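Before any comments, here is the structure.
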Amino acid sequence: MRLIRNTSWKMTLWLLLVWLALFRSIEPVVIIGGILVALLVQWVGPMMRVGALGRIRFVPLLALIARFAWDMFMSALHVSTLIVTGKRYRSGFVSINLGAVSDMELMISAAMTSLVPGTLVIDVNRHESDADGSMYLHVIDMEASGGEHGVREMITKQTARIGRSLPRPQED
């Protein structure tokens, strides 16, 4: 009975897909072998269930991905225009308090912010006393980003979109 508890159909499916990709075949023998190996892996080395993300909400997740892709495209266009034209700009540092966010939301927000051209996360802090998270950023063109207020608003909205897409487990 303990073996069945340590088995997840999602993990079995994922391991089977990896197995099929490794063998580049979908023959019955390969499929059966993949299922057996997936079950054996889960029984021999059971993984701890973390439940870090809770239920994914697909419509907000699609909105998050679309907005992130748009931000990356527009920022890359802006940075390349700055380089090609030689336009003068003022860079700066911005400190952003994100309020009460989970570790996962803070990590994803920092990663997404660093991936957008023209912004770089310098520091991420978790204030244990009040569970607030904060980021310290370098922004290449402060004026085009709306100044400190514009950068804070952009990152706060992004973090809110992350929270709506990947809610905390206790919100399920």
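The table that follows gives values for the structure above.
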| quantity | calculated |
| --- | --- |
| Filtered residues of the stretch 92-102 (kept if outside any loop (DSSP other than H, G, I, E, B) and surrounded by 12 or more Cβ atoms within 10 Å (Cβ to Cβ)) | Gly92, Phe93, Val94, Ser95, Ile96, Asn97, Leu98, Gly99 |
| Scan of the stretch 103-126 for residues that are more than 25 Å from Leu82 (Cβ to Cβ) and part of a helix (DSSP H, G or I), ordered by number | Asp103, Met104, Glu105, Leu106, Met107, Ile108 |
| Filter result (among the β-branched types (Val, Ile, Thr), open to solvent by less than 70 Å² (accessible area, probe 1.4 Å) and either out of contact with any Lys or Arg (no Cβ under 9 Å at 6 or more places or on another chain) or closer than 20 Å to Arg126 by Cβ (or both)) within the stretch 66-86 | Val79 |
| Residue that is part of a strand (DSSP E or B) and open to solvent by 40 Å² or more (accessible area, probe 1.4 Å), where the choices are Tyr136, Tyr89 | Tyr136 |
| Residue match in the stretch 152-161 (condition: in a strand (DSSP E or B), modelled with pLDDT of 85 or more and open to solvent by less than 70 Å² (accessible area, probe 1.4 Å)) | no |
| Where a residue in the stretch 63-81 is under 28 Å from Arg164 (Cα atoms) and its partner, wherever it lies, is not in a helix (DSSP H, G or I), with Cβ under 6 Å and at least six apart | Asp71/Val116; Met72/Val116; Ser75/Val116; Ser75/Pro117; Ser75/Gly118; Ala76/Pro117 |
| Condition broken by Ala63, with the remaining ones in (1) closer than 30 Å to Thr159 by Cα; (2) modelled with pLDDT under 85; (3) surrounded by 14 or more Cβ atoms within 10 Å (Cβ to Cβ) satisfied | (2) |
| Whichever residue in the stretch 105-119 is within 8 Å of the chain's Cα centre (by Cα) and surrounded by fewer than 20 Cβ atoms within 10 Å (Cβ to Cβ) and, among such residues, is modelled with the lowest pLDDT | Met107 |
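The values are calculated or read from the model by the stated rules, or taken from the named source; none is laboratory data. These numbers were taken from a predicted model, which means no experiment stands behind them. FYI the Cβ positions are ideal-geometry reconstructions off the backbone, even for glycines, and counts take in every protein chain you see. Protein only, heavy atoms only, side chains kept; ligands, DNA and RNA dropped before computing areas. Shrake-Rupley method; radii C 1.70, N 1.55, O 1.52, S 1.80 Å.
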